[in-house]
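The values are calculated or read from the model by the stated rules, or taken from the named source; none is laboratory data. Note that the coordinates shown come from a computational prediction; the quantities given were computed from them, not determined experimentally. With ideal geometry, Cβ positions are generated from the backbone for all residues, glycine too; neighbour counts draw on all protein chains shown. With ligands, DNA and RNA removed, areas are computed over all heavy atoms of the protein, side chains included. Shrake-Rupley method; radii C 1.70, N 1.55, O 1.52, S 1.80 Å.
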Amino acid sequence: MSITFGAFAHFEAERLWHGVHLRTSLSKVDRFAAFEDYSSRLITDYLPSHIHSYFEHLIAKGLKPNTVNHHGAMIGKVFKHAAREEVIRHVPRFTWMTVEGTARPLYYTREQLDAMEAYFHDEHPQAYMRHLIIIGYNTGMRRGEMMQINRKTLHRDEHGHQWVYLEKTKNGSDRYVPINVKALSSIRALWQQSPDYMFAHDRFYNAWGDMRRRVLGNDKRYTFHTLRHTCATNLANDLNAQTEVVGAVLGHKCLTTTRKYIKVKPMKLQEIMGRL
């Protein structure tokens, strides 16, 4: 088939991406196609060196390695899809940019969460992952704790508020976790699906790894546990919750641990400094 990378990506876009990720990915496609002669180069005529040249171009434009890897995730996905469709015979094996530092990301941005949720759309084989993500950043629960949620552990108090009772937690104590409307909706959605998600350890991590490669630039510092950091950071920054309150939500015995979970968002700094 005689077709360019950009034309193929646009033609197959609905099969490759969904929601917010569709728009952002096509923007990356157009930027890639506009580089040098890539708007006319056939998709069959790419070598790893062509992609490396594009990466060097992005770095020269001031993009950070992690951001460049986001572009690489888009490129890799298009080529893999082209191989499955037998448009090309092999996928160019390009080298990802090295991201300095090994510390885990502090929290997910709203844009990242939207892209992660969009990736696990209703037609995705592991669509249940979207609900686990929503529960994660809305409750701060660990994945193992989520596995304890059932109709016996979900309670409604006299005021109509929902709670999940966790008999076993990492620190050895039990606790009640408050459940908001978004988390409750995802809990109920999970109950409508097969309960296999509770036990399919390998399937869970394979699905997370695929999402991380395609949405988060294959940065292995992005883990499911980062959702717990995200919940703490959002409570402190967006709702001005005190550290003691955040610690109670997460089930920490020591506030020193809680403080490690809470990070200051740049917009929060701007808001505070603007009020001086």
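So what's the net charge close to Phe224: Lys and Arg +1, Asp and Glu -1, counting the other residues with Cβ under 9 Å from its Cβ?
+3
Given springs between every Cα pair under 10 Å in a Gaussian network model of the chain, which of Val87, Val29, Val177 has the largest fluctuation? Largest GNM mean-square fluctuation: Val87.
Between Trp191 and Met273, what FRET efficiency follows from the Cβ-Cβ distance if R0 is 51 Å, with the result rounded to 0.05?
Approximately 0.65, to the nearest 0.05.
Taking trypsin sites (Lys or Arg not before Pro) as exposed when DSSP calls them loop and at most 15 other C-beta atoms lie within 10 angstrom, the chain has its longest site-free stretch at 1-60. Pairwise alpha-carbon distances in the stretch 93-183 exceed 20 Å for 52% of all pairs. Computed extension length for His57-His90: 9.5 nm, one decimal, from 0.36 nm per residue of separation with the Cα-Cα distance subtracted. Counting 0.36 nm for each residue step from Ser40 to Ala248 and taking away their Cα separation leaves a gain of 69.1 nm.
Under 11 Å from a label point 7 Å along Cα→Cβ of Glu12: give me every residue in the stretch 54-84 with its amide N that close. Within reach of a label on Glu12, which here means backbone N under 11 Å from a point 7 Å along Cα→Cβ, the stretch 54-84 contributes 76-84. For Leu58, Leu239, the ranking by accessible surface with the largest value first comes to Leu239, Leu58, using a 1.4 Å probe.
Using only the C-alpha atoms, the convex hull of the stretch 148-276 corresponds to 163 Å³ per residue. For the chain, the solvent-accessible area with a 1.4 angstrom probe is 55 square angstrom per residue.
Per-atom-type breakdown for the chain gives carbon and sulfur 52% of the accessible area (1.4 Å probe, protein chains only). The Kirkwood radius of the chain, taken over pairs of alpha-carbon atoms, gives through the Stokes-Einstein law at 37 °C and 0.692 mPa s a diffusion coefficient of 158 µm² s⁻¹.
Using heavy atoms of the protein chains and a probe of 1.4 Å, the accessible area assigned to His161 is about 100 Å². Summarised as an ellipsoid, the stretch 230-276 has semi-axes of 22, 9, 9 Å, derived from the eigenvalues of the Cα gyration tensor scaled by 5 and square-rooted, with the largest first.
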